[in-house]
């Protein structure tokens, strides 16, 4: 019963963060900032918080593996940050892909000798 509750919680959190992310993308401009009394929070920061939440909970619900969810989420996040910083050459994508495939093989191998 506990496993089922965790799956439902992950599904609920994935839908909640996915809906918030979709609303953020469709309704707000990229230059928008939430204005608070002492500082502003750019929408880009909100995007980079909601996207990993959506990916992690969605992937962990679909695959039932937190390790895979962490790896895929971190891969997508680092790739998008590379794109944001102007590192758009395909070499960076393949280098990042090789790194995460190596980490996947390291974490999922049965023999840790």
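Numbers at a glance
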item: Out of 36, 13, 26, 21, sole residue that is loosely packed, with under 10 Cβ neighbours inside 10 Å and either touching a helix residue (DSSP H, G or I) at 6+ places or on another chain (Cβ under 6 Å) or modelled with pLDDT of 90 or more (or both); result: 26
item: Region 79-103: number of residues that are outside any helix (DSSP H, G or I) and touching a helix residue (DSSP H, G or I) at 6+ places or on another chain (Cβ under 9 Å); result: 2
item: Hits in region 63-75 - residues which are surrounded by fewer than 15 Cβ atoms within 10 Å (Cβ to Cβ) and either touching a strand residue (DSSP E or B) at 6+ places or on another chain (Cβ under 9 Å) or assigned to a helix (DSSP H, G or I) (or both); result: 63, 66, 67
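The values are calculated or read from the model by the stated rules, or taken from the named source; none is laboratory data. Worth saying up front: this structure is predicted, and the values here are computed from it rather than measured. We place every Cβ from the backbone using ideal geometry, glycine too, and count neighbours over all the protein chains shown.
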